[in-house]
Amino acid sequence: MTTDTTIEKTYNLAKEKYAEIGVDTQKAMDALSEISISLHCWQGDDVGGFETPEAELGGGGIQVTGNYPGKARTVDELRKDAEKAFSLIPGNHRFNLHAIYGEFGGKQVDRNEISEEHFKGWIDWAKDIGIKLDFNATCFSHPKAADGFTLSSKDASIRKFWIEHVIQCRGIASFMGKELGSDCIHNLWIPDGMKDIPVDRWTHRELLKSSLDEIFSTIFFPHTMKDAIESKLFGIGSEAFVVGSHEFYLGYAITNKKIPCYDLGHFHPTESIADKISSTLQFVDELLLHVSRGVRWDSDHTVILNDENKAVAEEIVRANALKKVHIALDFFDASLNRIGAWVLGTRATLKAFLLALLQPNDKLKQAEEKGDYFARLALLEEMKTKPFGAVWDYYCLKNEVVVGEGLISDVHRYEKDVTGNR
Ligand code: RNT
Ligand code: ZN
């Protein structure tokens, strides 16, 4: 068994190895501890929410597959599960709520009627456990979204309903930000689109633009919230046309000073968003990431440490943009232990950043500036076999969270004691 002393010994050797190449491991870990990731509440119950006692997905927009037992059925269960997840993740992180996760006291409260009072319990909980909150309007899983259009619907009454909903949500976000003393990011994603070839893309996009203008004309004081808008290339049932495409929202964000949200699963399956970071940040001040993993037509597999996440983290670190990029998670897979997936995905994201922070970025840049592309490539190649795992384990140890595969038995224990009895 790995003891604390072995972890420290291994770390000390790793520290020397990195020092030889000019990398300060302590500095990298300090920078990592400044990164606050927004954990998505919807991982805990497959995007179900608590609108009605037996809230289930319905009415368009999002699909989750799998039926793993033990999902959170109440606000209390979800909070308990989230606390468990937080206890297995090093660092201090945020929690990202969706509007359907309000506490409605058993009453039927329609989306355009939700307000601050429904989220007071969440704010108290966040204060209690010392975290900050982010927020999202829920423009899916609702009869008024069932026809495939919300803010870009040709039906004025449907549009009005969703505009009211998003305005309410921005108010709630502002309230959260004020109460918790940290700007709350409000992200807007809508499912609008068509399965097959549309002939009138124009009107839907024109309508979406005017709905957004109306939504954002309401300004909240104090400015305790920030607006993000999330694009998508295609979804299940919107393969041929998504109204809120990348170009649409990028244009809107630049013109109206909003934050573009890049979901890693929302682009062409082989398209990387890493290269978009230094481009986009020339024109907007901030970015929001939805860290996810696309697999074929699904955009939301559990995040692992893969090439795409590594490339994204590297680009953020190399662009010195850690303060400009908000990092949130967005995946849901109901076929595996939900707390396990939460923790795995968050830890994988943190690992990607640690790896990026452990690169000899000054040396790499110097080689590039000298035109020594062999040295640049050789250094990048060398970094792949540096003892990264030793630094990661030490970071977990110092943050008093479980190290390595100890995570598995910990999650299993919680399943046996808690989620397995649901
Ligand atoms: C959907 C978007 C969106 C949602 C969440 C639940 O394709 O990625 O971010 O996953 O709002
Ligand atoms: Zn997303």
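Read-outs throughout are calculated quantities, based only on the coordinates presented, and are distinct from any laboratory measurement. The model shown is predicted, which means the values in this text are computed figures rather than measured ones. Please note: Cβ atoms are built from the backbone with ideal geometry, for glycine as well, and neighbour counts cover all protein chains shown.
Things worth noting here:
- Percent RCO, i.e. relative contact order, over the chain, from Cα pairs under 8 Å lying at least 6 residues apart: 20 percent
- Gyration tensor verdict on the stretch 129-270 (Cα atoms; rounded if a/c is under 1.5, prolate if a/b is larger than b/c, oblate otherwise): prolate
- Stretch gain in nm, segment residue 221-residue 68, where the contour uses 0.36 nm per residue and the Cα spacing is subtracted: 50.8 nm
- Choice from 189, 202, 122 showing the highest fluctuation, given a GNM over the chain with Cα pairs closer than 10 Å: 202
- Prolate is the label for the stretch 305-415. Its Cα gyration tensor axes, ordered a ≥ b ≥ c, give a/c of at least 1.5 and a/b above b/c.
- Förster-model FRET efficiency, 35 Å R0, residue 83 and residue 306, C-beta, rounded to 0.05: 0.80
- Helical segments meeting 27 Å axial Cα length and Kyte-Doolittle 0.0 threshold in the chain (DSSP H): 156-180, 338-357
- Choice from 312, 75, 243 showing the highest fluctuation, given a GNM over the chain with Cα pairs closer than 10 Å: 75
- Förster radius 30 Å - calculated FRET efficiency between residue 275 and residue 76, Cβ distance, rounded to 0.05: 0.10
- Estimated FRET transfer efficiency (residue 366, residue 107; beta-carbon r; R0 51 Å; 0.05): 0.20
- Chain lengthening between residue 26 and residue 154 when straightened (0.36 nm per residue, less Cα-Cα): 40.5 nm
- Pairwise label distance in nanometres, residue 254 with residue 399, each label 7 Å out on the Cα-Cβ vector: 3.5 nm
- Modelled label reach - residue 33, point 7 Å along Cα→Cβ, the stretch 58-100 residues with backbone N closer than 14 Å: 90-93
- For the stretch 103-226: relative contact order, % (alpha-carbon pairs under 8 angstrom, 6 or more apart): 33 percent
- All other residues whose Cβ lies under 14 angstrom from that of residue 38 are scored, Lys and Arg at +1 and Asp and Glu at -1, for a net of -3.
- Amide hydrogen proximity for residue 185: with H placed 1.01 Å from N in the peptide plane, the residues at 5 or more positions away or on another chain lying under 5 Å are 135, 226.
- Tensor-based shape of the stretch 55-129 (alpha-carbon gyration tensor, a/c under 1.5 rounded, otherwise prolate or oblate): oblate
- Order of 416, 324 - criterion: other Cβ atoms within 10 Å of each residue's Cβ, fewest first: 416, 324
- A full extension of the chain between residue 324 and residue 295 corresponds to an added length of 7.7 nm, given 0.36 nm per residue minus the alpha carbon distance.
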